[in-house]
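Visitor: Structure below; questions to follow.
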Amino acid sequence: MERRPQFYLLRTDFRRLEFTDDTGRRAGGPIALGRALTSSPAWGELTDAVLVVRTAPTPLAGVLGYLDGDQHIRLGALAWQLKHMVPRLRYVTYRQAERACERLASELIATFGREAAADFRYLALPRGGVPVLGMLSYLLDLKADRLEAPHPVGIPLVVVDDRALTGVRFRTFLRRCPSQEIIFAHLWSHPELREAIQLHEPRVRACLAAEDLLDHAPDELGDGYCAWRERRLRRSPEAYWVGLTEHICFPWSEPDVGIWNPDTGQDEGGWRLVPPELCLKNRPAPGAQPNRLHIQPLGPGPLRPAEDVLYGEIGDQLLVANVTTQEVFALSGVAASMWKAISTTGRLGEVLMTISQQYDVDARKLRNDLQKFVGELVNRKLLEVAEV
């Protein structure tokens, strides 16, 4: 069966995808989203696809390629993330994380006293807890032996993390931890999660956070909230609590998101939303393959891709999609070269010159073919003649 190219429009509010680090460096809009999504392990599953983004005349992002049923399910999960998680996306800079660590240190001192807090033993949950414990150790002026394993089982152990969303990682840690008295200290969590941990874990003396996360699930889900919560708890029996909190991200980490696949009956890895230049976890490994991200220029005009068009290359083909009609056209050979020349030069004379240098074609025939090609694409609303 002949494979047909397909297009999947990524709908989201790009204004919410604006990031600023401590230096004032900004990343945002569809380019930030494209760089984040193509850093996701889930993107590696879409081998015959390209992610296309543009910033003008209106921001757009979409996936072009040859997609099977499983890949459509993955993109459906991405659509859910963009709808529900982008509005709750929260990026914490290093400086903001430092201030949160200061508040967490104050919580420990206020609850146990400075001398006791300095005498406790400390351990970081990998990997998000490691930078937090590093900052906390300086704020509390901890001696090196307070951080070194093995930790005496009779001395309180402070387990440090950057955030707690469901408590699954903490529960897993508790199973192999012999300490008799544990304090769970982290930067962000929901108060009900902390209450649930202390209710179910008699060894946990205290569960402290620098700041509270909000739960948006009751408002977002309305009458379906109770049924959703029951399903989530059945699927995640290790969780102490479930909710739809802020998707809180740090310069070193972004939480992994599990997306339910109804066909397999399992959670599968979701997509990343923070661009790699602002999150160490999302940066490509050395020697990684190109990320198949095409940033589409506006085109100089007057002849240029229409406002409803996204295009990108896969192998030796150039796929052109009309985002309104969902039609996708595959161009190759001279046709693909003509499109590229039109999008970069915008004038028929320059296109003719460019193509004549690439192909040994009669000049009159080339002009006729080009005019016919342009006329057909203008009729299909894939090209437009902009006012200049």
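Visitor: List every residue pair whose Cβ atoms sit under 6 Å apart, with the two residues 6 or more apart in sequence or on different chains, where the first one lies in the stretch 44-63 and is at negative phi and touching a residue at least 24 places away in the same chain (Cβ under 8 Å) and the second, anywhere, is of a type in the set (Asp, Glu) and outside any strand (DSSP E or B).
Guide: Note: pairs meeting the criteria are Pro57/Glu307.
Visitor: Any idea how many residues of the stretch 366-388 are open to solvent by 60 Å² or more (accessible area, probe 1.4 Å), within 14 Å of Ala335 (Cα to Cα) and without any contact (Cβ under 8 Å) to a residue 12 or more places away in the chain?
Guide: The qualifying residues number 3.
Visitor: Moving on. Quickly run through the stretch 193-246 and pick out the residues that are within 22 Å of the chain's Cα centre (by Cα), among the aliphatic types (A, V, I, L, M) and surrounded by 15 or more Cβ atoms within 10 Å (Cβ to Cβ).
Guide: Leu213, Ala217, Val242, Leu244
Visitor: While we're looking at this one, here's another question. Could you identify the single residue in Leu303, Leu280, Leu298, Leu293 that is in contact with a Lys or Arg (Cβ under 9 Å, 6 or more places away or on another chain), more than 17 Å from His190 (Cα to Cα) and open to solvent by 50 Å² or more (accessible area, probe 1.4 Å)? Even if it seems obvious, please write down each step before you answer.
Guide: Working: Leu303 fails: open to solvent by 50 Å² or more (accessible area, probe 1.4 Å); Leu280 fails: in contact with a Lys or Arg (Cβ under 9 Å, 6 or more places away or on another chain); Leu293 fails: open to solvent by 50 Å² or more (accessible area, probe 1.4 Å).
From the options Leu303, Leu280, Leu298, Leu293, the qualifying one is Leu298.
Visitor: Further question on the same structure: Restricting the search to the stretch 125-147, which residues are of a type in the set (A, V, I, L, M), in contact (Cβ under 8 Å) with a residue 40 or more places away in the chain, closer than 14 Å to Arg99 by Cα and in contact with an Asp or Glu (Cβ under 8 Å, 6 or more places away or on another chain)?
Guide: The answer is Val132, and nothing else.
Visitor: Write out, first by first residue and then by second, each pair whose Cβ atoms fall under 8 Å of each other, whose residues are 6+ apart or on separate chains, and whose first residue, in the stretch 252-275, is open to solvent by less than 20 Å² (accessible area, probe 1.4 Å) and acidic (Asp, Glu) while the second is modelled with pLDDT of 90 or more and assigned to a loop (DSSP other than H, G, I, E, B).
Guide: Here the result reads Glu254/Arg272; Glu254/Leu273; Glu254/Val274; Glu254/Cys279, each pair linking the stretch 252-275 to a residue that is modelled with pLDDT of 90 or more and assigned to a loop (DSSP other than H, G, I, E, B).
Visitor: Considering only residues that are part of a loop (DSSP other than H, G, I, E, B) and either in contact with a Pro (Cβ under 9 Å, 6 or more places away or on another chain) or of a type outside the set (Asp, Glu) (or both), which ones fall in the stretch 247-271? Give the steps one after another, and end with the answer.
Guide: To start, the set of residues in the stretch 247-271 that are part of a loop (DSSP other than H, G, I, E, B) comprises 250-257, 262-265, 270-271.
Once the filter is applied, which keeps residues that are part of a loop (DSSP other than H, G, I, E, B) and either in contact with a Pro (Cβ under 9 Å, 6 or more places away or on another chain) or of a type outside the set (Asp, Glu) (or both), the stretch 247-271 yields Phe250, Pro251, Trp252, Ser253, Pro255, Val257, Pro262, Thr264, Gly265, Gly270, Trp271.
Visitor: Would you mind finding the one in Val351, Val323 that is modelled with pLDDT of 90 or more and touching a strand residue (DSSP E or B) at 6+ places or on another chain (Cβ under 6 Å)? So that I can check it myself, show each step before the final result.
Guide: On the way: Val351 fails: touching a strand residue (DSSP E or B) at 6+ places or on another chain (Cβ under 6 Å).
Exactly one of Val351, Val323 is modelled with pLDDT of 90 or more and touching a strand residue (DSSP E or B) at 6+ places or on another chain (Cβ under 6 Å), namely Val323.
Visitor: Could you tell me which residue of the stretch 166-192 is farthest from the chain's Cα centre (by Cα), considering only residues that are more than 19 Å from Arg103 (Cα to Cα) and of a type in the set (A, V, I, L, M)?
Guide: Result: Ile182.
Visitor: Something else about it: Might you check whether a residue that is touching a residue at least 24 places away in the same chain (Cβ under 8 Å) and farther than 17 Å from Val257 by Cα occurs anywhere in the stretch 76-87?
Guide: no
Visitor: Mind checking which residues of the stretch 329-357 are over 18 Å from Arg380 (Cβ atoms) and in contact with a Pro (Cβ under 6 Å, 6 or more places away or on another chain)?
Guide: Listed by number, the list holds a single entry, Gly346.
Visitor: Another one. Of the residues in the stretch 178-192, how many are touching a strand residue (DSSP E or B) at 6+ places or on another chain (Cβ under 7 Å) and either surrounded by fewer than 17 Cβ atoms within 10 Å (Cβ to Cβ) or of a type outside the set (Val, Ile, Thr) (or both)?
Guide: Counting residues in the stretch 178-192 that are touching a strand residue (DSSP E or B) at 6+ places or on another chain (Cβ under 7 Å) and either surrounded by fewer than 17 Cβ atoms within 10 Å (Cβ to Cβ) or of a type outside the set (Val, Ile, Thr) (or both) gives 10.
Visitor: I need the full set of residues from the stretch 43-76 which are of a type in the set (Lys, Arg) and at pLDDT 85 or above, in order please.
Guide: Correct list: Arg54 only.
Visitor: Among the residues in the stretch 98-107, are any in contact with a helix residue (DSSP H, G or I) (Cβ under 9 Å, 6 or more places away or on another chain) and more than 30 Å from Met135 (Cβ to Cβ)?
Guide: The answer is no, given that none of the residues of the stretch 98-107 is in contact with a helix residue (DSSP H, G or I) (Cβ under 9 Å, 6 or more places away or on another chain) and more than 30 Å from Met135 (Cβ to Cβ).
Visitor: Another one. All but one of (1) over 30 Å from Leu244 (Cα atoms); (2) in contact with a helix residue (DSSP H, G or I) (Cβ under 8 Å, 6 or more places away or on another chain); (3) open to solvent by less than 40 Å² (accessible area, probe 1.4 Å) hold for Ile314; which doesn't?
Guide: Checking Ile314 against (1) over 30 Å from Leu244 (Cα atoms); (2) in contact with a helix residue (DSSP H, G or I) (Cβ under 8 Å, 6 or more places away or on another chain); (3) open to solvent by less than 40 Å² (accessible area, probe 1.4 Å), the one that fails is (2).
Visitor: Quick check on Ile109: is it within 29 Å of Gly44 (Cβ to Cβ) and either under 18 Å from the mean Cα position of the chain (by Cα) or open to solvent by 10 Å² or more (accessible area, probe 1.4 Å) (or both)? Full working, then the answer.
Guide: On the way: within 29 Å of Gly44 (Cβ to Cβ): no; either under 18 Å from the mean Cα position of the chain (by Cα) or open to solvent by 10 Å² or more (accessible area, probe 1.4 Å) (or both): yes.
No: the conditions fail for Ile109.
Visitor: For the stretch 136-163, enumerate the residues that are open to solvent by 10 Å² or more (accessible area, probe 1.4 Å) and within 22 Å of Asn282 (Cα to Cα).
Guide: Arg163
Visitor: Which of the residues that make up the stretch 51-95 are of a type outside the set (Val, Ile, Thr), closer than 21 Å to Gly315 by Cβ and open to solvent by less than 30 Å² (accessible area, probe 1.4 Å)?
Guide: Leu51, Gly62, Leu64, Gly65, Leu67, Gln71, Leu75
The values are calculated or read from the model by the stated rules, or taken from the named source; none is laboratory data. In this text the structure is predicted, and so the values were computed from the model without any measurement. We place every Cβ from the backbone using ideal geometry, glycine too, and count neighbours over all the protein chains shown. We work out accessible area using only protein heavy atoms, side chains counted, and drop any ligands, DNA or RNA first. Shrake-Rupley method; radii C 1.70, N 1.55, O 1.52, S 1.80 Å.
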